[in-house]
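Shown next, in structure tokens, is the structure this report addresses.
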Amino acid sequence: MRIATWNVNSVRARRQHLLDWLARDGAPAIVALQELKTEEAGFPLGELQAAGWHALVCGQKSYNGVALVSRAAMVERLRALPGDAEDTQARYLEAELGELIVACVYCPNGNPVGGEKFAYKLAWMDRLARHAETLLATERPVVIAGDWNICPTGDDVWDERAMAADALCQPESRAAWRRLLWQGWTDAWRTLNPSPARGYTYWDYQGGAWQRDHGLRIDALLLSPAAAERLTDSGVDRTPRGWDAPSDHTPAWCTLEHGA
DNA sequence: ATGGTTGTTCCACAA
């Protein structure tokens with residue numbers, strides 16, 4: 001089964017792109033969506049259901065917002081990241097399909113470095129790491145898919161120096177990512193495409209970044225050991241980034257053998 | 001150091 005992640009940068013602005021992408025050959029069995037930028041009422045649930053999809057939506061007005069869309073029905077497990085009852089930002093959704101657990105994350109951007117937002121980013125990643133430990137403890141196949149807002153290494157950015165001051169490339173951000181890898185999570189794309197292979201998933205709207213391939217790899221799928229054992233393929237679908245009025249992100253995906 | 005772009009909302013903020 002194929003599992004994908006896509007930051008759509010407004011599901012209302014990208015409604016037709018999403019429907020077109022899901023209707024094509026090779027569509028995933030499950031897709032994690034980020035940056036819906038709308039409450040549940042703005043999500044095109046009826047159209048997706050008419051096309052044969054199930055969906056769980058955790059929305060928020062104007063900002064953030066995550067969803068899971070799948071061919072088979074899901075059972076919701078969580079719609080907020082544990083660890084801070086005061087946190088109202090819609091950045092986490094977790095569900096199960098049979099044995100498989102799938103989580104959708106929209107990790108905080110954290111810019112500017114040194115401010116409140118950067119502190120929130122690191123605190124959120126700490127909460128995620130603590131929750132991720134509990135997911136590993138289930139010993140089930142688990143996929144955490146999303147926009148991590150972390151550029152894991154210098155091989156995941158078009159120009160390390162140009163991005164040196166950005167929150168996505170800070171040593172603390174990269175340490176938060178590596179903490180998950182040390183726990184036992186596998187980066188589905190990177191494990192099949194060793195450095196220095198490039199697999200950008202995001203290109204800024206500014207400065208002709210797409211045309212110049214000035215990208216970053218910040219969208220990824222992390223696999224628990226039981227899921228990584230089933231990994232057969234992974235990739236980035238650059239096509240939607242080239243469509244008219246696109247999201248600044250494009251989908252990343254992986255394939256697991258034996259549907260869970 | 002600045003300006004470059006997009007989406008949502010309301011004339012700014014987040015990315």
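Rule-based calculations on the coordinates, nothing more; no lab input. Everything numeric in this text was worked out from a predicted model, so none of it was measured. Don't worry about glycine lacking a Cβ; one is built from the backbone with ideal geometry, like all the others, and counts go over all protein chains shown.
Structure data summary
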| item | result |
| --- | --- |
| Test result for A:V69, in contact with a Phe, Trp or Tyr (Cβ under 6 Å, 6 or more places away or on another chain) and without any contact (Cβ under 8 Å) to a residue 40 or more places away in the chain | no |
| Number of the condition not met by A:R24 [criteria: (1) of a type in the set (D, E, K, R); (2) touching a helix residue (DSSP H, G or I) at 6+ places or on another chain (Cβ under 8 Å); (3) within 24 Å of A:G235 (Cα to Cα)] | (2) |
| In region A:75-127, the residues that are among the hydrophobic types (A, V, I, L, M, F, W, C) and under 16 Å from A:L168 (Cβ atoms) | A:V105, A:C107, A:V113, A:F118, A:A119, A:L122, A:W124, A:M125 |
| Any helices (runs of 4 or more DSSP H) falling wholly within region A:155-260 and containing at least 2 residues that are within 16 Å of DNA strand B (Cβ to nearest atom), over 20 Å from A:L33 (Cβ atoms) and over 17 Å from the mean Cα position of the chain (by Cα) | A:209-212 |
| Region A:8-22, residues that are at negative phi and of a type in the set (S, T, N, Q) | A:Q16 |
